[in-house]
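Asker: Below is a structure I'd like to ask you about.
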Amino acid sequence: MQRLSLFGSLLCLLFLGIVPGTLRAQQSLFNVPSSDITTPHKLFVQQQINFSGIVQANTTLDYGLPKNWEVGLNLLGADYSKADHRFIRNDQFDGHSLAPLLLLNAQKGINVNEHWKMGLGTQQGLNLTPNLKSHYAQFSYANVAYTSAHERVRLNGGLYAGNANYLGEGKREGIMFGADIALVHHKAHLMGDWILGNHDLGVAVLGAVYYPNPHFPISLGWQIPNAPKGSKALVVELTWVP
């Protein structure tokens, strides 16, 4: 891990505007992609902040396209060390995923019927502000999602695969699943998900969602790592749904 200089921080922001050629998430529960597709010509925004020894910010923007497609941009792993009072980066593989990452994402939704659908997606890109050169990172998946009558229960799960620069050390493919259960529909929900694996993304998050209004759910969860040496964290997620 290295300190992220003021120049590097500015470069991160600059790259958001000038890197068109690079492709950790489409819209998700906490970490597992939801298989929902953004409404055509609308913008979906999701900001997740994880609080542990390091405060980590993960930002997702998705734009809906016709024919059940969406594309978007992610800035992941913007890490701030509370102990050292500084932003940090990881630009050489040391067993952990690289950070920060700038990725483009794309997802195709396939509606089977009113209760079942599929999502096929990928996130691909580069780490920012490297000392020597950027490294390629990718994560791809196929999900199946079920929604009950009146949308009271939503379940989804599927397969994923990624590379070491995205996931860190460990097996780089596996399964994931999640659930969203309405206590009071579009007002208070229970939510949780789990990515199986012993890499950096291998965690379960259990929590709840509160809707101040239908377009702005606020999620709060507790992250439990699969690996014994992983970090537990408080997860806060703010979402704008068009």
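Asker: State whether one or more residues within segment 96-108 are of a type outside the set (A, V, I, L, M, F, W, C), loosely packed, with under 13 Cβ neighbours inside 10 Å and at pLDDT below 95. Spell out the reasoning first.
Answerer: So the first thing to find is which residues in segment 96-108 are of a type outside the set (A, V, I, L, M, F, W, C), and the list is 96-97, 100, 105, 107-108.
Keeping just the survivors that are loosely packed, with under 13 Cβ neighbours inside 10 Å gives none.
Scanning segment 96-108 turns up no residue that is of a type outside the set (A, V, I, L, M, F, W, C), loosely packed, with under 13 Cβ neighbours inside 10 Å and at pLDDT below 95.
Asker: Here's a check for you: in segment 217-230, which residue that is open to solvent by 70 Å² or more (accessible area, probe 1.4 Å) and outside any strand (DSSP E or B) is modelled with the highest pLDDT?
Answerer: In this case the residue turns out to be Pro228.
Asker: Quickly run through segment 196-216 and pick out the residues that are among the hydrophobic types (A, V, I, L, M, F, W, C), part of a loop (DSSP other than H, G, I, E, B) and either at positive phi or within 16 Å of the chain's Cα centre (by Cα) (or both).
Answerer: Keep residues of segment 196-216 that are among the hydrophobic types (A, V, I, L, M, F, W, C), which gives 196, 201, 203-206, 208-209, 216.
Okay, now just the ones that are also part of a loop (DSSP other than H, G, I, E, B), so 196, 201, 216.
Hits for segment 196-216 are Leu196, Leu201.
Asker: Taking interchain pairs and intrachain pairs at least six residues apart, which have beta carbon atoms under 7 angstrom, with the first residue in segment 77-88 and β-branched (Val, Ile, Thr) and the second open to solvent by 60 Å² or more (accessible area, probe 1.4 Å) and part of a loop (DSSP other than H, G, I, E, B)?
Answerer: Every condition considered, the pairs that remain are Ile88/Met1.
Asker: Can you tell me which residue within segment 201-211, out of those that are of a type outside the set (Phe, Trp, Tyr) and open to solvent by less than 60 Å² (accessible area, probe 1.4 Å), is nearest to Leu98 (Cα to Cα)? Walk me through how you get there before you give the answer.
Answerer: Our first condition is that a residue be of a type outside the set (Phe, Trp, Tyr); within segment 201-211, this holds for 201-209.
When the remaining residues are screened for being open to solvent by less than 60 Å² (accessible area, probe 1.4 Å), the result is 201-205, 207-209.
Values: Leu201: 12, Gly202: 15, Val203: 17, Ala204: 21, Val205: 22, Gly207: 27, Ala208: 29, Val209: 30 Å.
Only one residue fits best here, namely Leu201.
Asker: Same structure, new question: When you scan segment 136-148, do you find a residue that is at pLDDT below 95 and not aromatic (Phe, Trp, Tyr), even just one? Break it down stepwise before answering.
Answerer: Kept after step one, since they are at pLDDT below 95, are these residues of segment 136-148: none.
No, the conditions are met nowhere in segment 136-148.
Asker: I'd like to verify a number: residues in segment 42-51 that are surrounded by 15 or more Cβ atoms within 10 Å (Cβ to Cβ) and either under 12 Å from Tyr80 (Cα atoms) or among the acidic types (Asp, Glu) (or both), how many?
Answerer: Counting residues in segment 42-51 that are surrounded by 15 or more Cβ atoms within 10 Å (Cβ to Cβ) and either under 12 Å from Tyr80 (Cα atoms) or among the acidic types (Asp, Glu) (or both) gives 2.
The values are calculated or read from the model by the stated rules, or taken from the named source; none is laboratory data. Note that the structure is predicted; figures quoted are calculated from it, not measured. Note: ideal-geometry Cβ built from the backbone for every residue, glycine included; neighbour counts use all protein chains shown. Quick note on the areas: whole protein, heavy atoms, side chains included, nothing else; ligands and nucleic acids left out. Shrake-Rupley method; radii C 1.70, N 1.55, O 1.52, S 1.80 Å.
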